[in-house]
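Structure first, then comments.
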Amino acid sequence: DVGLNNLGFKSIFGDFGKRMIDIAPGNFDMNVDLLYKINGSFKLANPQFELFIRNSIGMPASVNLNFMGTSKEGTTASLNPPIFDIPVPANNNAGIATKSVVFDKQNSNIVNFIALPPTSKISYSGQVNFNTAVPVTPQNPNFLDIGATFGLDLSMVLPLELQVSNLAFKDTSELSGDYKKIETAD
């Protein structure tokens with residue numbers, strides 16, 4: 001008989017299996033005072049969200065996210081971002097794998113999503129599928145190290161593009177002087 005207590009691990013290698021994890025629905029509360037001061041409608045021509053991913057866990061994953069924005073009037077719009085893969089390092093000693101994923105008007109409904117604007121809340125849900133695209137073999141195992149890292153950062157690029165038609169600006173100025181010799185003026 002052998003008894004082992006208080007075991008810890010430094011690294012684990014093997015086949016962690018195919019898994020599908022549901023991202024439980026939730027909300028981001030959008031308490032941004034500036035957005036509440038905007039009235040009327042506007043559309044940004046080329047907005048982008050860029051997601052920066054850092055990962056040192058050796059388990060390939062595909063992510064399918066759903067985002068629904070709600071305006072202060074109750075109008076909703078879905079972002080409909082593309083499905084994307086999490087970057088995976090080549091092996092346990094390869095360090096952190098990085099990737100950026102861009103959500104723009106070519107691959108999502110970001111123009112209408114930003115045009116709400118989502119002042120009230122942004123609802124989210126989704127799924128993460130592990131080990132579905134690449135087969136796990138003894139030569140290509142899943143791995144997890146005690147110092148593993150996973151991080152996400154989000155950058156928003158919201159360029160303003162102004163289109164104006166029939167814009168007029170009028171002002172009245174008071175002039176003083178001797179105008180008796182002027183016959184006409186424009």
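The values are calculated or read from the model by the stated rules, or taken from the named source; none is laboratory data. Remember, it's a predicted structure, so these values are computed and weren't measured experimentally. So basically every Cβ, Gly included, is an ideal-geometry build from the backbone, and we count neighbours across all protein chains shown. Protein only, heavy atoms only, side chains kept; ligands, DNA and RNA dropped before computing areas. Shrake-Rupley method; radii C 1.70, N 1.55, O 1.52, S 1.80 Å.
Listed values, structure above:
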item: Restricting segment 130-147 to residues that are in contact with a Ser or Thr (Cβ under 9 Å, 6 or more places away or on another chain) and open to solvent by 40 Å² or more (accessible area, probe 1.4 Å), the residue that is nearest to Leu65 (Cα to Cα); result: Phe130
item: Answer from Ser120, Ser155, Ser176 - the residue that is open to solvent by 50 Å² or more (accessible area, probe 1.4 Å), modelled with pLDDT under 90 and not acidic (Asp, Glu); result: Ser176
item: Any chance Thr98 is in contact with a strand residue (DSSP E or B) (Cβ under 8 Å, 6 or more places away or on another chain), β-branched (Val, Ile, Thr) and at pLDDT below 95; result: no
item: Subset of segment 79-111 [part of a loop (DSSP other than H, G, I, E, B) and β-branched (Val, Ile, Thr)]; result: Ile83, Val88, Ile96
item: Residue that is nearest to Thr132 (Cα to Cα) [pool: residues in segment 47-104 that are of a type in the set (D, E, K, R) and either without any contact (Cβ under 8 Å) to a residue 60 or more places away in the chain or surrounded by 18 or more Cβ atoms within 10 Å (Cβ to Cβ) (or both)]; result: Asp85
item: Residue match in segment 129-149 (condition: farther than 19 Å from Ala94 by Cβ and either modelled with pLDDT under 80 or among the hydroxyl-bearing types (Ser, Thr, Tyr) (or both)); result: yes
